[in-house]
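Here is the structure we will look at.
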Amino acid sequence: MTPERIRRLNGMTFFHCRRPSRATLATAILVSALALVLQGCTGGPQPPGGRDLSAEPLLATAPTYPAPADIDPEMVTGARTMIRTSLAPRTHVTVPAVPGAAPLNAALAEQAARWEADFADEGPNSRAELSIGWQPVALSTPVVGIALDRYEFAGATGASTTRTFWYDASQQRVRPNTDLVADPDALARAIRTSVAALGITTDQDALDEVLQHGGPQYLGFTDDGQLLAGFADYQIAAGSYGSITVAVHDVALSAFGTQARFAAQNPTPTRPPSDTSPSPALRPATVDCRRRKCVALTFDDGPANYTDRLLDTLTRAHVRATFFVLGQQVDANPSQARRIVAEGHQIGNHSWSHRDLSALSEADRSREITRTTREVERVTGIVPQLLRPPYGATNAPVDLTAKRLDLPEILWDVDPLDWRDRDSRLVRARVLSHARRGSIILMHDIHRTSVDAVPAIIAGLRSRGFTLVTVSELLGAHLTPGKRYSRALR
Ligand code: NI
């Protein structure tokens, strides 16, 4: 999807939706209103006050699209996940590295880097957000298919893109999507037929351009083996139709495509799962934080590559911490999530995919939270009792959702900016100089430097007389759902 294409399709609307930061406040309001009228904004305009106006499509309802085969990311065993987060601008990038598939991993990393660079080039405003995630679409020894998802929220509107990468292990190369079929021209004809059958207004020029230049960016399979073609939001139709996905009929697959379809329908783990056995649980502390100088260490965005090492450190030091996990990370790394719980730490909900909850519709916000709760419960048997909104971004609608879902919101008062400054000594120094009685300390176990800093942080806090506890021990077990807590004041 080129920017030119987006603008041609959506005219001024999309351009305006994406650039409210460049406008003055008054112009931004005017542009938001104009955008609502013109229906360029799937997410609905966000007025400066942060009121949630997440709109249903005004002019059109998206048809129901066929769903791709659902493969558990846990099956990509031995995958390392690169996670980058940034608060300014708000970016959360998760890219897998599949064992033994270096060319695939390079292609995925390159795509993510290109999307990040595009986002940076657009000069994102303070509400803008980029989120990149992944999903296996096929998994076998000869063929691996990975879909990379990009979600971009520009302060007024959100847009999603999903791109598939098909890896041929016998040739050790990533093959173009159209290599799945015997005849790309037949694929193009079949896609036109399926798109026409949707009965919605589409941009024929845009569709022509896509089909003549490499084909759809998403090509995968349903559970029952139908070929699926997918387009980004805004790519071939108005944004209100969402990401258009069609089943493509009567197209012969290539030999590679036949293997790919088999791998989509019968996924096999890339490697036998290696189970990390938990250390014996630390005994629940009987710490009275009304008498002791307590602080809570919290770790966000995992479980990921460094979580096991962090858990080893905490066990050695007899410290229990609180992990605010992402549902998608628990889904991909269940053994670490089980270790967190088995070793006596507290587990909290940090949403599914690290979206800014204050910018989502009520329905999407609830889904981000409840899907994570269900996943944590499925994997660990524990229902998280705490919510930490990604980026600490909260507002009245988030409070209401949290209240309805029975979750207090846990923020923090000590932020060593470990996501920005990957320097263990700096992170340790900031924690030690800012920690006070009752502090909630924010860190991220997705960064090696942060995990490296933990032994010295524990030693330093203890030498200053602090006792390290979980968030519930710090704040007390009875917290008010929907209320925000950033420090214990008792
Ligand atoms: Ni986070």
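The values are calculated or read from the model by the stated rules, or taken from the named source; none is laboratory data. The shown structure was predicted, so the numbers you read here are calculated from the model rather than taken from an experiment. All Cβ positions, even for glycine, are placed from backbone atoms using ideal geometry, and neighbour counts span all protein chains on display. Side chains are part of the model used for accessible areas, which takes the heavy atoms of the whole protein and leaves out ligands, DNA and RNA. Shrake-Rupley method; radii C 1.70, N 1.55, O 1.52, S 1.80 Å.
Couple of notes before you dig in:
- Residue under evaluation I446, criteria (1) outside any loop (DSSP other than H, G, I, E, B); (2) in contact with a Gly (Cβ under 6 Å, 6 or more places away or on another chain), criterion not met: (1)
- Checking each residue in the stretch 430-443 for being open to solvent by less than 10 Å² (accessible area, probe 1.4 Å) and not in a helix (DSSP H, G or I) picks out G438, S439, I440, I441, L442, M443.
- Taking the numbered list (1) of a type outside the set (D, E); (2) surrounded by fewer than 18 Cβ atoms within 10 Å (Cβ to Cβ); (3) touching a helix residue (DSSP H, G or I) at 6+ places or on another chain (Cβ under 6 Å) in turn, R378 passes all entries but (3).
Rundown of residues vs (1) closer than 23 Å to I71 by Cβ; (2) more than 14 Å from the ligand (Cβ to nearest atom); (3) out of contact with any His (no Cβ under 6 Å at 6 or more places or on another chain); (4) open to solvent by 10 Å² or more (accessible area, probe 1.4 Å), yes/no style:
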site	(1), (2), (3), (4)
V287	no, yes, yes, yes
T315	no, yes, yes, yes
S353	yes, no, yes, yes
R367	yes, yes, yes, yes
T370	yes, yes, yes, yes
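- Residues of the stretch 406-417 satisfying the condition of being over 21 Å from the mean Cα position of the chain (by Cα), away from the ligand (no atom under 12 Å from the Cβ) and surrounded by fewer than 24 Cβ atoms within 10 Å (Cβ to Cβ): D406, P408, D413, V414
- Considering residues of the stretch 301-313 that are buried (at least 24 other Cβ atoms within 10 Å of the Cβ) and outside any loop (DSSP other than H, G, I, E, B) only, the residue farthest from the ligand (Cβ to nearest atom): L311
- So M82, is it away from the ligand (no atom under 16 Å from the Cβ), surrounded by fewer than 21 Cβ atoms within 10 Å (Cβ to Cβ) and in contact (Cβ under 8 Å) with a residue 12 or more places away in the chain: no
- Residue-level check: of (1) in contact with a strand residue (DSSP E or B) (Cβ under 9 Å, 6 or more places away or on another chain); (2) surrounded by fewer than 21 Cβ atoms within 10 Å (Cβ to Cβ), T449 misses just (1).
- The stretch 330-351, subset in a loop (DSSP other than H, G, I, E, B) and within 16 Å of the ligand (Cβ to nearest atom), residue nearest to G78 (Cα to Cα): N333
- Positions within the stretch 317-329 being surrounded by 20 or more Cβ atoms within 10 Å (Cβ to Cβ) and either out of contact with any strand residue (DSSP E or B) (no Cβ under 9 Å at 6 or more places or on another chain) or not hydrophobic (A, V, I, L, M, F, W, C) (or both), in sequence order: R320, T322, G327, Q328, Q329
- Where T298 falls short, out of the listed (1) open to solvent by 20 Å² or more (accessible area, probe 1.4 Å); (2) within 15 Å of the ligand (Cβ to nearest atom); (3) of a type in the set (V, I, T): (1)
- Enumeration of residues in the stretch 165-180 that are in a strand (DSSP E or B) and open to solvent by 10 Å² or more (accessible area, probe 1.4 Å): F165, R173, V174, R175
- If the condition is being open to solvent by less than 60 Å² (accessible area, probe 1.4 Å), outside any helix (DSSP H, G or I) and away from the ligand (no atom under 16 Å from the Cβ), then the stretch 384-405 contributes N395, L405.
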